[in-house]
Amino acid sequence: MEIALALLVGCFFTVSIYLLLSKYVIRILLGVAILGNAVNLLIFTAGRLTKEIPPIIPEALQVPDGIIANPLPQALILTAIVISFSFFAFLLVLGYRAFQDLNTDDTDSMRFAEPVDEPNPPLGY
Amino acid sequence: MASKGPEITDVTGILVNADLQLADFLIVAPVVIPILFSALLLMLRTRPATQGRIAIIGMALLALACFGLLQRVLDTGPVTMTMGRWVPPFGISFSVDIAGALLAFTSSVIAFVGSIYANSTASKLEMRYGFYPFFMAMMAGVSGAFLTGDLFNLYVWFEVLLISSFGMIVLGSEKNQLDGTMKYAFLNLVATTMFLMATGYTYGLTGTLNMADIWTKVNSGLLEGPVTTIAVLFFLAFAMKAAAFPMNFWLPASYHTPKFLVSAVFAGLLTKVGVYALLRVTLMLFADQRDLFAEIIAWIAALTMIAGVLGALAQNDIRRIFGYLVISGIGTMLAGLAIGSVTAITGILVYAVHSMIVMTALYLAAGVVGRMMNSNDLRQVGGIYAASPMFAAGFLILALSVSGLPPTSGFWGKFILVKATVELGAWWLTAAILISGLLTSIAIFRVWIFTFWRGGPSGTRDGAEAWKVEPLNQEYQLAAFISLGVLVLATFALGVFPEVLIGTAADGAKGLLYPTGYIESVFGGTQ
């Protein structure tokens, strides 16, 4: 089971890196979304996949009886999902606003902050 | 407030029984204060008249809390507080040692000075859109990153400071800013996601996220798995955050676009958080693994230094020059990381404190130049020496400091790092630091000559009437005088009396390299 998920995580990373390398903002955005999910799945797999009972301690006992599923990765992923979701929302709005104002979604032509045809700095007075 | 609370029957034996002292809350105060003030300012965002002053109070409280914490850590050694009073490694720990407290204190002072400057420049519109809440939240993230003792928690603080910095950098929504923010936001997000990836691997391998626990497991020698790979991944992620070559391009693309104050605090604080994370994780947690790729770090350091300063020589815009100088400074600190001796780490900490002060001051000075000349272009500025000799003198001290010349704080940081490279016999690294220092002084004195010494914009005849600069309003003049004055005095004072800083940094370096006190504070279970 871990192997299958590890391969899936690998696929996710491949796809996201391919998309991140694009110069169009919308593809980069998709790449970011998939990258976040790839990492979430990675953490999930790193926490070991056990086909065990939920981590609930029976009423009569003080410690769990035998092996239980690992609840911690789910807490980590939940945090990471919320964070990556909010970041994605911000980037989506930013990308759209940039498209409206800069009139391009091609990162090669986004050269407002660093103009291409800038003259050389002064050499003397 | 020795909290007695209701008696809890601890059947599992994983709760700390010691009473919490009021002084223990000092450990979390540098995070709690900015969060509370951020919420308060968010509620008051429709009343811009009071915002600036409240923010100054908040930053002052933060600085006081950080100072108290630094004093405490210097007195008693590393301190730990674990949330929910669980026994580590369960629960999220805040562990503070000298290195973390020193940097947290410096950054809070920078933020305090920044809030004084901001009070005179923040427009009503910016305040309505939440400039101060973002600033406060960013400080919560910065302090949290310096103080936490949990790897995943470090990731969360990184994201807190990142999302609030997005808000600060894009505020105003000019074309330049949108363009700069695109690059800043995407590349920083990818860097933090890589950090999360490395954290996931660490958890899979060690089964823990508490830094002290990870240190124990990594150094037990029983760990089997790709530990070095994880260390390299962490290095890659944090080096990207710190803007090391060849992942530095987001910094000069974005730091000259927002308000002057915003670029000042970014340049002062954010890249240094990356350096701190490198020290904490790559150096402290994965010490043996770092040795394996120390030579690669050395190459990256040398390239960062030289590429940064060459970039600075090729720019017109003053803030873009400073952006490249920030990168060059990061390279200097990475050189210390490559060596990893006590001397080298002392040098990194001294240099980090110096760099926080000086880079913030330089960007604020660029803001004053921008107000006086309505431009930040080397060809269109000039004549400020005649208009304000005191400002010119202050800038000269900053220029000396950033080039690493005495009598300023920059000299000591570079001096110790050079000493560390000589001790190890890494001559080419020594050469790289010295050459980058020389080129930095050329770059920064070009700025000084063009902006202050030359009689006016490009083409002004020598000996012509002094160029008329824009008059500054009283309030702005006072704020700029105070904020720049404090920073210039700080770098000068640390240059003349460096003993306290160097002594503290040396203790911090020992704490990072031999973290037994840190580990004991986490597992001692007394806090």
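Bear in mind these aren't lab numbers, they're just calculated from the coordinates by the rules spelled out. Note that the coordinates shown come from a computational prediction; the quantities given were computed from them, not determined experimentally. Note: ideal-geometry Cβ built from the backbone for every residue, glycine included; neighbour counts use all protein chains shown.
For chain A, the Cα gyration tensor yields ellipsoid semi-axes of 46, 16, 14 Å (square root of five times each eigenvalue, largest first, whole Å).
At a threshold of 8 angstrom on Cα-Cα distance, excluding pairs fewer than six apart, so keeping six or more, what relative contact order does segment B:293-496 reach in percent?
Values: 334 pairs, mean separation 57.1, N = 204.
Contact order relative to length: 28 percent.
Relative to one another, the C-alpha centroids of segment B:18-82 and segment B:381-437 are positioned 33 Å apart.
Proximity of backbone amide H atoms, modeled 1.01 Å from N, is registered between B:LYS259 and no other residue at under 5 Å, excluding neighbours fewer than 5 places apart on the same chain.
Highest mean first, how do A:28-35, B:358-365, A:106-113 rank when packing is the count of other Cβ atoms within 10 Å averaged over residues?
Numbers: A:28-35: 20.6, B:358-365: 28.4, A:106-113: 16.2.
The packing order, highest mean first, is B:358-365, A:28-35, A:106-113.
Relative to the longest principal axis of the Cα atoms of chain B, the long axis of helix B:48-76 makes an angle of roughly 50 degrees.
By counting other Cβ atoms within 10 Å of each Cβ, how are B:CYS66, A:CYS11 ranked from fewest to most? Each step should come with its number before you reach the end.
Numbers: B:CYS66 29, A:CYS11 13.
Exposure proxy ranking, most exposed first: A:CYS11, B:CYS66.
Binning all Cα-Cα separations of the protein assembly as shown at 10 Å, short to long from zero, yields these whole-percent fractions: 3, 16, 27, 27, 18, 7, 2, 1, 0, 0.
As a check on your grasp of the helix formula, calculate [θ] at 222 nm for chain B: sum -39500 (n - 2.57) over DSSP H runs of n ≥ 4, divide by the residue count, round to the nearest 500.
On the way: 23 runs with 367 residues, N = 527.
The helix contribution divided over chain B gives -23000 deg cm²/dmol.
Work out how much length A:VAL82 to A:TYR24 would gain on full extension: take 0.36 nm times their residue separation and subtract the Cα-Cα distance, in nm to one decimal. It would help to have the intermediate numbers written out before the result.
Numbers: separation 58, 0.36 × 58 = 20.88 nm, distance 2.53 nm.
Fully extending the segment from A:VAL82 to A:TYR24 adds 18.3 nm.
Per residue of B:182-190, how many C-beta atoms from partner chains lie within 10 Å of its own C-beta, taken as a mean?
Values: counts 12, 4, 1, 6, 10, 1, 1, 9, 7.
Partner Cβ neighbours, averaged per residue: 6.
The dipole here belongs to chain A: it is taken about the Cα centre, uses +1 on the Cβ of Lys and Arg and -1 on the Cβ of Asp and Glu, and is about 200 debye.
For a distance above 31 Å, tell me the whole-number percent of Cα pairs in segment B:293-496 that qualify. If you can, show how the numbers build up before the last one.
Working: 4418 of 20706 pairs.
Every Cα pair in segment B:293-496 considered, those over 31 Å come to 21 percent.
Computed on chain A, with alpha-carbon pairs under 8 angstrom and 6+ residues apart, the relative contact order is 24 percent. Helix B:318-339 and the longest principal axis of the C-alpha atoms of chain B enclose an angle of approximately 40°.
Note on chain B: dipole from Cβ charges, positive end direction compared against B:PRO457, B:VAL447, B:ALA287; the farthest Cα belongs to B:PRO457. Across segment B:158-166, coupling constants 3J(HN,Hα) worked out from phi with the 6.51/-1.76/1.60 Karplus curve, θ = phi - 60°, read 4, 5, 4, 6, 5, 5, 6, 5, 4 Hz, and Gly and Pro carry x.
In this structure, the residue pairs whose Cα-Cα separation is over 30 Å, taken from B:LYS217/B:LYS414; B:LYS241/B:LYS419; B:LYS259/B:LYS419; A:LYS23/B:LYS175, are B:LYS217/B:LYS414; B:LYS259/B:LYS419.
Mean sequence separation of contacting Cα pairs (under 8 Å, at least six apart), scaled by the length of chain B, corresponds to a relative contact order of 17 percent. For segment B:507-524, 3J(HN,Hα) computed residue by residue from phi via the Karplus equation (6.51, -1.76, 1.60; θ = phi - 60°) reads 4, x, 5, 4, x, 6, 7, 10, x, 5, x, 4, 5, 4, 5, 6, 9, x Hz, glycine and proline entered as x. Averaged over the residues of A:76-82, the number of partner chain Cβ atoms lying within 10 Å of the residue Cβ comes to 3. Seen from B:TRP412, the other residues with C-beta closer than 11 Å to its C-beta sum to a net charge of +1, counting Lys and Arg as +1 and Asp and Glu as -1. The alpha carbons of chain B stretch over 84, 58, 42 Å along the principal axes, in descending order. Compared with the dominant Cα axis of chain A, that is its longest principal axis, helix A:72-102 is turned about 20°. Between B:LEU438 and B:ARG461, the FRET efficiency from the beta-carbon distance, with R0 = 30 Å, is close to 0.45.
Per-residue shielding of A:111-124, expressed as the average number of other chain Cβ atoms within 10 Å of the residue Cβ, stands at 6.
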